[in-house]
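Engineer: First the structure, which I've put down as structure tokens, then a few questions once you've had a look.
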Amino acid sequence: MSNPQHASEPGKYLLEVRSLSKLFGDFCANDQINLAIEAGKIHALLGENGAGKSTLVKMIYGALQPTSGDIIWQANTIKVDNPAAARELGIGMVFQHFSLFEALTVTENISLALPPQLRGGDLSQRIAELSSNYGLPLNPDALVADLSVGERQRIEIVRCLLQEPRLLIMDEPTAVLTPQEADALFGTLNRLTSEGCAVLYISHRLEEVKQLCHDATILRHGEVVARVDPQAETAATLAQHMVGSSVHEIKRQDGHDTGNNLLQLINLNQPADTPFGVDLLDVNLQVRSGEIVAIAGVAGNGQGELFSAISGETTNADFDAVIIDDVACGQLSINGRRQLSAAFVPEERNGHGAVADCPLTDNILLSRHAVRDQGEALHKGWLGIDHQHLDNINTRIAKAYDVRSATMDAEAGSLSGGNLQKFVVGRELDRQPRVLVINQPTWGVDAGAAALIRQALIDLSRQGSAILVISQDLDEIFELADRVAVISRGQLSEVYAAQDLSREQIGLLMSGAHEKPAHATSS
Amino acid sequence: MTAYETIILTVITASTPLLLAAIGELVVERAGVLNLGIEGMMAMGAVSGFAMAQVTGSAWLGVLFAMLAGVAISMLFAFLTQSLVTNQVATGLSITLLGLGLSGLIGGGFVGMPGIKLDYVAIPVLSELPLVGKLIFGQDPLVYISILLTVGVAYTLKKTRIGLIIRAVGQNHHSAHALGYPVIKVRYACIAFGGLTSGLAGAYLSLVYTPQWIENMTAGRGWIALALVVFSTWLPARLAAGAYLFGGVWILGLYAQGMGVGIPSQFLSSLPYLATIIALIVISTNRRLSVINTPASLGQGFVPDR
């Protein structure tokens, strides 16, 4: 993949970044960043959301131009004009969100992204060879629409490898993988580094950074705060560098009492309503008062469909399929279910959980106009709205959940991702619901906000509510859950006590170990 | 000429303008653009071709001018929908109204004039073959061109890099743009190709099918062409089969009317549209079919990120 003699060149480093800064108007996204990557090493780039990781990487990859500072590639100062120039140099990047064409084959997708000189010959043959060499099984003639997220990521990696990169940048690659798939990816990365390729690995999963990376540079608020050897650190000390103070440790007491079933799913079957959707097959689940049950799974295995079926966004012909607080509500609307003291927080906060163009108080009204919690009604007279009351609730949420916005009643879309998530979660938690269903509670939220949200969920459950958490983050699941089930291809596994379950077992379940074969053909 | 030959010949001449207009629209839609202005572009092609042939006395110059007229009016559509990002449905409808109206205005002085017909091309020897010779090898040149175009489009879309780029642009214009492909330029080129074949289809009507100029002589063929593209699920081979099927049904309707068959002619002339509706239902129930061939960004305007 690369010539070993490069390693002995005068510059010790393959890529060096010196005093690199990027200003967006007055805002300094990167301030005097220094970074050095050696050939054959995996270098972690750590930081919270908004710490400036993406900006830095985009400058290295040529998608953004630095305001000042130098990029030094193999001891030469260079200017990377655009991503094509970066690829020419030997810098490849695997993005977090893939820009693939669903209706085209693997080969066609890769061919579209390759420079002319690499397209020639039998491309599908080369793809097949390279993918089997690196343990990335891929059928060159398959349509992307038929592939899993993990396989789609392999397309991106193979595309990069075909260009024989000297430096591979990977942006949160394991966010979409099962633990087993992640292990396979680590094998590929180790193989690459043994051939002299360097990897810049962006992640906020500290355990895997410790496991995989040789070096780590930590960013906070656009500045480098530390360069450390991840092997010599603990996950806690790495987190401390990232956040700048010690992260709030979540307090939970186990062995508490749980009560009766507040949420039950009984033989829930729900055909998908979109072509890319997943059918739910015979889902059974009980969530008791006082406990948190988590559903793990790789994205796109029916989590969204399950959430909609429980919240009432899609109703079910079978009344008994969903039972909230002993009321059969398969056909009840979402407000009908809210009136049973259930609350729902969907995955997508912008556009689903909140209307971006509406102020926060309107967003409170939208999800709470039909319910009276603690005797509070939001309407005044026949058609009026009690704005004073809405303002009070908004202030209360902002205070309790640390929602920071430019003005008290800002438009939802103007809040940062983490703050909007705190608002959306806070809006529902403020009701003190008896049943809470929450999909991806801390997706794309910084560590501080995530800790706050998780603590609030635990506190609510310990007051006797039943909470169902759907999450792809295993760390989060082990932090929160009393019991865990795994969803794969619309089928839910048995529910296990969290302390009896290892990551490996969850991984096996994620890849479908519990699926009933009869169902695979009946759908 | 036997009755059998006459019928086949009329079917081919009825089908060719449909195929010409539809094969262009197929490319346009594969690139993710919905141009509802085919009827108007055909009308412009018909009147321009007829007028040029009258002025110069050459049917071939008429054909050439008809294609230019089709491209010109399609570029108006392209400018509005691609550069100004107007709504494609509304713009396409206005192009149809504009083309029909403008062609009536231009053609006012040509009504009733005897037309100039494009000569048949008989391929030597082969056209003398019994039974099929005259039908396959004794057609007007535009029939051959329509078939060559269909084969060419099928090959280009499936086998060549240009075709891959067109499909990519129609599938997901954001990704295509991110990879550095000029989405808007590709769409301009495809729209121009659609205008060219629509103009050609119009010329076929006024220089071959009925060599004269009559206002509204396109008689809804542009809409059938549009329906055909959907009917074919955006595949050129199916498009050709569909065009000949639709042409056949059309002629069948005329013959049935002439012979006084007890089926209302309105029913027969509605058959192509019924077939399209059924095709749409079949496509929508077959997920795989809809995923693979339907251009996912069809009808959506593209504004590149700044």
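The values are calculated or read from the model by the stated rules, or taken from the named source; none is laboratory data. Everything numeric here is computed off the predicted structure, so don't read it as measured data. For neighbour counting, all protein chains shown are included, and Cβ atoms are generated from backbone atoms with ideal geometry for every residue, glycine included.
Engineer: Answer with yes or no whether B:Ile162 is within 14 Å of chain A (Cβ to nearest Cβ) and either at pLDDT 95 or above or assigned to a helix (DSSP H, G or I) (or both). So that I can check it myself, show each step before the final result.
Structural biologist: On the way: within 14 Å of chain A (Cβ to nearest Cβ): yes; either at pLDDT 95 or above or assigned to a helix (DSSP H, G or I) (or both): yes.
Yes, satisfied.
Engineer: Out of A:Leu436, A:Leu468, A:Leu457, A:Leu452, I need the residue that is part of a helix (DSSP H, G or I), buried (at least 19 other Cβ atoms within 10 Å of the Cβ) and touching a strand residue (DSSP E or B) at 6+ places or on another chain (Cβ under 8 Å). Which one?
Structural biologist: On the way: A:Leu436 fails: part of a helix (DSSP H, G or I); A:Leu468 fails: part of a helix (DSSP H, G or I); A:Leu452 fails: touching a strand residue (DSSP E or B) at 6+ places or on another chain (Cβ under 8 Å).
Result of the check over A:Leu436, A:Leu468, A:Leu457, A:Leu452: A:Leu457.
Engineer: Could you pull out every one of the helices (runs of 4 or more DSSP H) wholly within the range B:165-278 that has 2 or more residues that are within 14 Å of chain A (Cβ to nearest Cβ)? Steps first, answer last, please.
Structural biologist: Working: elements: B:173-178, B:183-204, B:221-231, B:236-259.
In the range B:165-278, B:173-178, B:183-204 are the helices (runs of 4 or more DSSP H) which contain 2 or more residues that are within 14 Å of chain A (Cβ to nearest Cβ).
Engineer: Just one of (1) in a loop (DSSP other than H, G, I, E, B); (2) under 18 Å from A:Glu172 (Cα atoms) trips up A:Pro66, so point out which.
Structural biologist: So the condition that A:Pro66 fails would be (2).
Engineer: Considering B:Ala256, B:Ala296, B:Ala275, B:Ala243, which residue is in contact with an Asp or Glu (Cβ under 9 Å, 6 or more places away or on another chain) and among the small types (Gly, Ala, Ser)? First the steps, then the outcome.
Structural biologist: Numbers: B:Ala256 fails: in contact with an Asp or Glu (Cβ under 9 Å, 6 or more places away or on another chain); B:Ala275 fails: in contact with an Asp or Glu (Cβ under 9 Å, 6 or more places away or on another chain); B:Ala243 fails: in contact with an Asp or Glu (Cβ under 9 Å, 6 or more places away or on another chain).
Among B:Ala256, B:Ala296, B:Ala275, B:Ala243, only B:Ala296 is in contact with an Asp or Glu (Cβ under 9 Å, 6 or more places away or on another chain) and among the small types (Gly, Ala, Ser).
Engineer: Looking at A:Ala128, A:Ala145, A:Ala103, which one is among the small types (Gly, Ala, Ser), more than 21 Å from A:Ala84 (Cα to Cα) and without any contact (Cβ under 8 Å) to a residue 24 or more places away in the chain?
Structural biologist: On the way: A:Ala145 fails: without any contact (Cβ under 8 Å) to a residue 24 or more places away in the chain; A:Ala103 fails: without any contact (Cβ under 8 Å) to a residue 24 or more places away in the chain.
Going through A:Ala128, A:Ala145, A:Ala103 in turn, just one is among the small types (Gly, Ala, Ser), more than 21 Å from A:Ala84 (Cα to Cα) and without any contact (Cβ under 8 Å) to a residue 24 or more places away in the chain: A:Ala128.
Engineer: Additional query: Given the range A:105-151, what helices (runs of 4 or more DSSP H) lie entirely inside it while holding 2 or more residues that are surrounded by fewer than 17 Cβ atoms within 10 Å (Cβ to Cβ) and either aliphatic (A, V, I, L, M) or within 13 Å of another protein chain (Cβ to nearest Cβ) (or both)? Reasoning before the result, please.
Structural biologist: Details: elements: A:106-113, A:116-119, A:123-133.
Per the criteria, A:116-119.
Engineer: Among the residues in the range B:251-268, are any surrounded by fewer than 21 Cβ atoms within 10 Å (Cβ to Cβ) and under 29 Å from B:Val71 (Cβ atoms)?
Structural biologist: No, there is no match, as no residue in the range B:251-268 is surrounded by fewer than 21 Cβ atoms within 10 Å (Cβ to Cβ) and under 29 Å from B:Val71 (Cβ atoms).
Engineer: Return yes or no: is B:Leu118 at pLDDT below 95, surrounded by 18 or more Cβ atoms within 10 Å (Cβ to Cβ) and either assigned to a helix (DSSP H, G or I) or at positive phi (or both)? Before the answer, list the steps.
Structural biologist: Values: at pLDDT below 95: yes; surrounded by 18 or more Cβ atoms within 10 Å (Cβ to Cβ): yes; either assigned to a helix (DSSP H, G or I) or at positive phi (or both): no.
Taking the combined requirement at face value, the residue does not satisfy it.
Engineer: Sort out which residues of the range A:60-86 are surrounded by 16 or more Cβ atoms within 10 Å (Cβ to Cβ), away from every other protein chain (no Cβ under 14 Å) and closer than 15 Å to A:Ile37 by Cα, and write them in order of number. Before you say what the answer is, go through the steps one by one.
Structural biologist: Going residue by residue through the range A:60-86, those that are surrounded by 16 or more Cβ atoms within 10 Å (Cβ to Cβ) are A:60-64, A:66, A:69, A:71-74, A:80, A:83, A:86.
From the residues that got through so far, the ones that are away from every other protein chain (no Cβ under 14 Å) too are A:60, A:66, A:69, A:71-74, A:80.
Result: A:Ile60, A:Ile71, A:Ile72, A:Trp73, A:Gln74.
Engineer: Quick one: which of A:Gly90, A:Gly187 is farther than 30 Å from A:Leu474 by Cα and at pLDDT 90 or above?
Structural biologist: Exactly one of A:Gly90, A:Gly187 is farther than 30 Å from A:Leu474 by Cα and at pLDDT 90 or above, namely A:Gly90.
Engineer: In this structure, is A:Phe319 touching a residue at least 60 places away in the same chain (Cβ under 8 Å) and not hydroxyl-bearing (Ser, Thr, Tyr)?
Structural biologist: Working: touching a residue at least 60 places away in the same chain (Cβ under 8 Å): no; not hydroxyl-bearing (Ser, Thr, Tyr): yes.
For A:Phe319, the condition - touching a residue at least 60 places away in the same chain (Cβ under 8 Å) and not hydroxyl-bearing (Ser, Thr, Tyr) - is not met.
Engineer: Go through the range A:19-63 and report how many residues are of a type in the set (Lys, Arg) and closer than 17 Å to A:Val228 by Cβ. Before the answer, list the steps.
Structural biologist: Taking the range A:19-63 as the starting set, the residues that turn out to be of a type in the set (Lys, Arg) are A:22, A:41, A:53, A:58.
Remaining after also requiring closer than 17 Å to A:Val228 by Cβ: A:41, A:53.
Here the count works out to 2.
Engineer: Has the range A:299-313 got any residue that is within 25 Å of A:Leu147 (Cα to Cα) and surrounded by fewer than 20 Cβ atoms within 10 Å (Cβ to Cβ)?
Structural biologist: yes
Engineer: Would you confirm whether any residue within the range A:162-181 is closer than 26 Å to A:Ala84 by Cβ, within 14 Å of another protein chain (Cβ to nearest Cβ) and among the acidic types (Asp, Glu)?
Structural biologist: No, that holds for no residue.
Engineer: Still on this structure, please answer the following. Suppose we filter the range B:140-175 for residues that are among the hydrophobic types (A, V, I, L, M, F, W, C) and touching a Phe, Trp or Tyr at 6+ places or on another chain (Cβ under 8 Å); how many remain? Before the answer, list the steps.
Structural biologist: Quick first cut of the range B:140-175, residues among the hydrophobic types (A, V, I, L, M, F, W, C) only: B:142-143, B:145, B:147-149, B:151, B:153-154, B:157, B:162, B:164-166, B:168-169.
Imposing the further condition that a residue be touching a Phe, Trp or Tyr at 6+ places or on another chain (Cβ under 8 Å) reduces the set to B:142, B:165, B:168-169.
Residues flagged as among the hydrophobic types (A, V, I, L, M, F, W, C) and touching a Phe, Trp or Tyr at 6+ places or on another chain (Cβ under 8 Å) within the range B:140-175 amount to 4.
Engineer: Let me ask you something else. Output the residue which, of all residues in the range A:87-104 that are among the aliphatic types (A, V, I, L, M) and not in a loop (DSSP other than H, G, I, E, B), is nearest to the other protein chains (Cβ to nearest Cβ).
Structural biologist: Looking only at the range A:87-104, we keep the residues that are among the aliphatic types (A, V, I, L, M), and these are A:89, A:91, A:93-94, A:100, A:103-104.
Still in the list and also not in a loop (DSSP other than H, G, I, E, B): A:89, A:91, A:93-94.
On the way: A:Leu89: 16, A:Ile91: 16, A:Met93: 12, A:Val94: 14 Å.
Only one residue tops the list, namely A:Met93.
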